[in-house]
1. With the requirement that a residue be within 20 Å of C:G208 (Cβ to Cβ) and open to solvent by less than 10 Å² (accessible area, probe 1.4 Å), what does the range C:228-259 give you?
2. Quick check on the range C:235-252. Is at least one of its residues part of a helix (DSSP H, G or I), modelled with pLDDT under 95, among the charged types (D, E, K, R) and closer than 19 Å to C:R310 by Cβ?
3. Suppose we keep only residues that are in contact with a Cys (Cβ under 7 Å, 6 or more places away or on another chain) and of a type outside the set (A, V, I, L, M) within the range C:162-173. Which one would you say is nearest to C:G262 (Cα to Cα)?
4. Which number in (1) part of a helix (DSSP H, G or I); (2) of a type outside the set (G, A, S); (3) surrounded by 18 or more Cβ atoms within 10 Å (Cβ to Cβ) marks the one condition that C:L299 misses?
5. Take C:L282 and decide whether it is crowded, with 20+ Cβ neighbours inside 10 Å and within 27 Å of the chain's Cα centre (by Cα).
6. Is it true that B:E31 is closer than 26 Å to B:M1 by Cβ, open to solvent by 10 Å² or more (accessible area, probe 1.4 Å), of a type in the set (D, E, K, R) and away from chain C (no Cβ under 14 Å)?
7. Within the range B:215-237, how many residues are free of Cβ contacts under 8 Å to residues at least 60 places away in the same chain, in a strand (DSSP E or B) and either open to solvent by less than 40 Å² (accessible area, probe 1.4 Å) or more than 13 Å from B:L256 (Cβ to Cβ) (or both)?
Amino acid sequence: MGSDLRLWGQLRADKAGMAGLLVVAAYFLLAVGVWAGMLGQDWSSAGGDRWASPGAEAWFGTNLLGQDIFQRSIYSVRTAFEIGLVVSVLSTLLGAILGAVAGWYGKTWVDGSVLWLAGVLDSIPFYLFVAAVAFALQGKPWAMHVAMVATFWTGTGRLVRAEVMKIKSREFILSARAIGLPDLVILARHVLPNTGHILLIQASIVFVAAIKTEVILSFLGLGVQDGVSWGLMLAESTQEVLAGHFNNFIAASAMLFVLLMGFNQLSDALQDAFDPREAAL
Amino acid sequence: MNPAVLTVRNLSVQTASGPGQRPAADHVSFELRQGEVLALVGESGCGKTKTAEAIMGLLSPDRWKVTADEIRLEGTELTRLTPREAGRIRGSEISMVFQEPLTALDPVFTCGYQLCSVFRRHRGMGRRESRESSLAMFGRVGFSDPERTFNSYPHQLSGGMRQRVMIAMAMACRPAVLIADEPTTALDVTTQAQVLAQLVELGRAYGTAILLITHDLGVVAQYANRALVMSGGKIVENARVDELFDRPRHPATVTLLSHAAGAVN
Amino acid sequence: MNFALRKLAHGGLLILGVTLISFSLMVWFGPDQTYSLVGKNASAEQIAEIRKQLGYDQPFIERYVSYLTDLFTLNLGASNSSGEAVSNILKKTIPVTIQLMIPGFILGNLLGIALGLLATYRKGRWIDRLINGFSVTSMSISFLVVIIFLQVFLCTPYGLNLFPVRGWQVTGLSSYLLYVTVPTLSLVFITVGYNTRFYRAVFVEEAGKDHIRTARAFGASPASILWRHVLKNSLVPITTRFMFSIPLIVVSGSLLIESYFGIPGIGKVTFDAITNGDQPVLKAVVGLTAVAFIFIQVLTDMIYKLIDPRIA
């Protein structure tokens, strides 16, 4: 408990990190507002003129279908959080489990197979893999999530594996084994909690990666299938900008940039707080 | 009594981030006289190494706060040097041998290259000349095949040999002062004696005063003229070695002595 | 010898895994081509005939083995959609991708190394913080946003209008520069943040090593410590990152850049093949990437031996 307090104190002192946390929290509130049906509900109605200028009617103007860009960029916050949360939670979980098992049975065939799987997944060009998954799943809306989870766990897995191998040789684990606790209990109760900081940091990194990847995938036509996202807005805007209409592009990139910047600062602050090694050099 | 070559007055070392913490070195003062071997003894963690690194100017200012009224090396006040001036003095006028022969040498350069670069930097020698001086220096510290040592990478040598390379580099420019930080702790017992004897002999031959940092009172008894006892960042005793063994005055000295006796028994 | 054998076995297992996964995804679960090949109102027999030709009636293992055999005998076949020989397509497109990606890839790494060194040299000072801020900013901007922005800014009348909006009509040096500049700038901007971060972390760790303290104790200047000791000791992680990002950048990076700028390279061909279910092309690309990975691993091991005397 004491170390949690110390970490919180350290985070509090990190101005950029706190600003990042505030930004992420503000976005999260927007997402909650959308989920609750209070915000951004009017994102798909094509009522207005196309490419209208910003005004009282549509705060950021309208796109080529006459849809309200402001409504769409707010609704996309929800999309971003859905993708970010699902992908980061699942891939961190998968990485934690596979990494822990590999580390616990280090240098055995179990370890070898996990490393092999990670190596194989890392050797397949990512977008090719996503595209293949999307096709294998025949246009299912969560094909993108599956592909990201299937590849993003490898980094977490390797880190957790290394940490578990380190923890395994510590005295409290040795004594837990000596009194005959089963492996699974030791892993779940004594080993995994000690990798918490890695999981938290990795989850924040994967969150950013997932949102960035969604943009590219939506542009390639492999991303969000129904609904709207900043990626889809940017994909729309590739047509518009050549005709001189920048509202869609500016709104989506600004919303995206501020969230990613906030998350990156938060993630940095977490890394500094948990791993003072670099800061101490 | 010989004149002092190194005078340290009120040297304190603190971490830059936590000024509330106990300082690693607390108002350390002493004099190192020409030609003598002065031992700096104490339990591990008492601040010996930090004191040495502070004198050498090796502590990075974003982590450590170093203050001193005076650190004078033969007429030069070290605390007032620009980085460039300090670089000219380090390795030529004052030099250091480190504790870990495993990691203290750069793994990707040959021993010859690393010794040559000392000669080039401080003596302005060219390729040929620095090579010849290096081969001579390797011979001087007891390598039977200097040519081979010259072309070896550190990982190809034993711990004792690496420490000899280190001594060759430190003594290459015949410095006025050599700080030897636990130079033989990481070595096995027979090698320890050889390397230390070599070091002290070379210091005598070159007229180099040696500050010998150690926790081993056996080493102190055998090689040192005087000893400083350090405890909790402070110098608690400063005495001739025979006095120290006969009439220890500070509890920390007594503890050290009893540990040494325990090790013998 | 033992070492070489282990490497070979490792490489073999990796190829096996990559091909197995890509086979399962792209061929076994991939798009069914029967109906694009048979005519309208085909009879049940015709359909069965086509399926037999395509090998759809075979069990998984047999189809996988024949897939592997084709790959290793370089029997790449012809594209389903254009009928052109796959080897021809590769011969045409790979050089384009290499010309397109090399300048940005190298510049992005060199710039990252330079900024990383500068940040390490001035660690904790304002210039280090500035470089860090720049890296985080670069990491927070989507690749797509960078491309769109640079295209509007450099290629349209709304900006400077200096370069062509899209395409690849390269006939000589000047036209090469004309078409390669904007993609290169995009690639540099998007990779430099990650690269700088990575290289700075490597350099800072190296700068904290014991032998750096030794070099300082013998009077080496900060610049020579950084240039000689830190950089030379960092060559192993630098090489690793550089080498292993080659196949990923070439395929994934070119996929996006080439489809955006309409450049006929391997990335665009691959993407089209995925959307059309053009299996012969996919087989070739996936197989070649896996082989490239193994090749790069072997090459990297050889480079390690050159740059680090401890690796024998």
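The values are calculated or read from the model by the stated rules, or taken from the named source; none is laboratory data. Nothing here was measured: the structure is a model prediction, and the numbers come from that model. Neighbour counts run over all protein chains shown; Cβ positions are idealised from the backbone, glycine included. For the accessible areas, the whole protein counts, side chains as well, though only heavy atoms, and no ligand, DNA or RNA atoms are used. Shrake-Rupley method; radii C 1.70, N 1.55, O 1.52, S 1.80 Å.
1. Once the filter is applied, which keeps residues that are within 20 Å of C:G208 (Cβ to Cβ) and open to solvent by less than 10 Å² (accessible area, probe 1.4 Å), the range C:228-259 yields C:V230, C:S234.
2. no
3. Among those that are in contact with a Cys (Cβ under 7 Å, 6 or more places away or on another chain) and of a type outside the set (A, V, I, L, M), it is C:P164.
4. Only one criterion is unmet by C:L299, namely (3).
5. Yes; evaluated as a whole, the condition is true for this residue.
6. yes
7. Of the residues in the range B:215-237, 1 are free of Cβ contacts under 8 Å to residues at least 60 places away in the same chain, in a strand (DSSP E or B) and either open to solvent by less than 40 Å² (accessible area, probe 1.4 Å) or more than 13 Å from B:L256 (Cβ to Cβ) (or both).
A quick yes/no check of all residues on (1) crowded, with 17+ Cβ neighbours inside 10 Å; (2) small (G, A, S):
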residue: A:S76; (1), (2): yes, yes
residue: A:L85; (1), (2): no, no
residue: A:V89; (1), (2): no, no
residue: A:A118; (1), (2): yes, yes
residue: A:P141; (1), (2): no, no
residue: A:H145; (1), (2): yes, no
residue: A:M148; (1), (2): yes, no
residue: A:T156; (1), (2): yes, no
